[in-house]
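Computed from the coordinates by the stated procedures, all read-outs in this text should not be read as laboratory data. Everything numeric in this text was worked out from a predicted model, so none of it was measured. Glycine also receives a Cβ, built like all others from the backbone with ideal geometry; neighbour counts cover every protein chain displayed.
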Amino acid sequence: MAITLRLSTDQDFEEVIELQQRIRVFQDNQLIDASSLVVRFDDSTIVTQSGVSDIAYHNRKECEFFLLRKR
């Protein structure tokens, strides 16, 4: 069974970067990024990378970020 954890604080994103965990990104209730690593973040933007040359910039206020953990 999988557990979905919402990421919202800077500490959440720091932990995801440190542990190299993949996240899911939703915007307007649609999945826009299914399995990406967080590369960096600031107060307004989360930068994710899902492949060698596939980098995406997500507005922190317009998107929702989730970590999917397996039990």
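Percentage of Cα-Cα pair distances in the chain greater than 13 Å, rounded to whole percent? So the portion of pairs separated by more than 13 Å is 62 percent.
Spin-label model, residue 30 to residue 44: label points 7 Å out along the Cα-to-beta-carbon direction sit 2.4 nm apart. Only one residue of 57, 8, 67 has its Cα farthest out toward the positive end of the dipole of the range 2-70, where Lys and Arg carry +1 and Asp and Glu -1 on Cβ, and that residue is 67.
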